[in-house]
1. Residues in region 171-188: is at least one among the hydrophobic types (A, V, I, L, M, F, W, C), in contact (Cβ under 8 Å) with a residue 40 or more places away in the chain and outside any loop (DSSP other than H, G, I, E, B)?
2. How about region 234-327: which helices (runs of 4 or more DSSP H) wholly inside it have at least 1 residues that are touching a residue at least 24 places away in the same chain (Cβ under 8 Å) and under 18 Å from the mean Cα position of the chain (by Cα)?
3. Test of understanding: among Ser270, Ser317, Ser264, which residue is at pLDDT below 90 and of a type in the set (S, T, N, Q)?
4. Out of region 18-47, which residues are of a type in the set (Ser, Thr, Tyr) and modelled with pLDDT of 85 or more?
5. Scan region 165-173 and give yes if some residue there is out of contact with any Leu (no Cβ under 9 Å at 6 or more places or on another chain), more than 16 Å from Gly69 (Cα to Cα), among the small types (Gly, Ala, Ser) and crowded, with 18+ Cβ neighbours inside 10 Å, otherwise no.
6. Look at region 262-287 and say how many of its residues are closer than 21 Å to Val330 by Cα, crowded, with 24+ Cβ neighbours inside 10 Å and small (Gly, Ala, Ser).
7. Of the conditions (1) more than 17 Å from the chain's Cα centre (by Cα); (2) hydrophobic (A, V, I, L, M, F, W, C); (3) crowded, with 17+ Cβ neighbours inside 10 Å, Phe59 clears all except one; give me its number.
Amino acid sequence: MTDNRTPLRILLLIAPIVLSLAITAILVLAVGKNPLEVMTAIWEGAFRNSNAVAGVVNFWIPLTFACLGLVITFTAGLWNIGVEGQMMLGAVFASWAARTLTLPSPVLLPLEIVLAMLGGAFWGFLVGFLRVRLGVNEIFGGVALNALANVLVIYLISGPWQPPEGGSAQSTPPFPAESLLPEISSEFPVSLLALFLIVIIVAAVFLALRGTRWGLNLKATGKNPRSALLLGVPTTQSALSAFVICGAIAGIGGAYRVLFTFDSLRPLPSGGIGFLALLVVLVVANRALLAPIVGFVFAAILAGSTRLRVVLQLDQSLAEVLQGFVVLLVLMANGLRGRILGGPGAESSIQPEPQAQPTVTTAAEATTHE
């Protein structure tokens, strides 16, 4: 039987992108530039040669790690703003290993990744603990821990890990070569190990959320934690585990920044990637398989926008305007899809619900309300 609503579904999928491009084109025309030239400059900035493509991929890799972690916490109904801090702690733990341990690369590199996961998981645990035990909203707790993580990074750079010549707030000394992730080639400087890890984690997150009891518990917690608790779902443990695993995955992204992108620890090593990942996950409506694809598009737009100033004397923030319109219009389309069509559209609209309090509801409270 043919679904008569299919054309409307397609329209609601394509319309936000078309509208965002149209609005951006109007803004470009308003400043006296040609929209086609702007799009051409962004494309050339991202894909003009293999090194440019590598730059896009190197931004996309930590962005994808952050997105995959956030898919987990969003599934549990949690707004993990603290993903930035989790990336930074992953960078700190990986930096400690790179600076301190003297081991062969085949041993040191996996150890750095594991330590980065532990660092991110620890910072995620703190956000989760504040949420589930003390009732601190994860948005406020995450923002505070983000700031604290960056203060810690600056302290290490200007204090214990400062260069031999004296204090500096710029970066630590470069890490030893054996502690850095190897690149595929000089023509395409990207880490093959990081690409392999992305494939593994995408598959693991997708399968865990779709085919395990833990994934089902996360979904139940995110949909209606009080009802889930009455049905025997351990909502507190589910929420806390979501923060921990998200932090572990995001920590790998932080490690990539210091072990490949920078070769040292710098202030704010996350570079705002965690916040961009939040937008990507909203756009893909919490779908793990779509997050890397849409994340690559966002990475390409940002990387390519650096060419706007050189070629057209336009500020590269124009790319952020385009991204902002895409996110806003896609969310509006998701809302319309949920209201008009129901079903998947309603499920994919990720919104903070007042009842999404999996961490402060007890069995006694649930029984009382019933």
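1. no
2. In region 234-327, 235-256, 273-283, 291-304 are the helices (runs of 4 or more DSSP H) which contain 1 or more residues that are touching a residue at least 24 places away in the same chain (Cβ under 8 Å) and under 18 Å from the mean Cα position of the chain (by Cα).
3. Ser317
4. Answer for region 18-47, where residues must be of a type in the set (Ser, Thr, Tyr) and modelled with pLDDT of 85 or more: just Thr40.
5. no
6. 2
7. (1)
Results for (1) among the polar types (S, T, N, Q); (2) farther than 27 Å from Ala239 by Cα, shown as yes or no for each residue.
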| site | (1), (2) |
| --- | --- |
| Ala94 | no, no |
| Leu103 | no, yes |
| Pro110 | no, yes |
| Gly120 | no, no |
| Leu130 | no, no |
| Glu165 | no, yes |
| Pro176 | no, yes |
| Ser191 | yes, yes |
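The values are calculated or read from the model by the stated rules, or taken from the named source; none is laboratory data. None of these values were measured; they are calculated from a predicted model. As a convention, Cβ positions derive from the backbone with ideal geometry for all residues, glycine included, and neighbour counts pool all protein chains shown.
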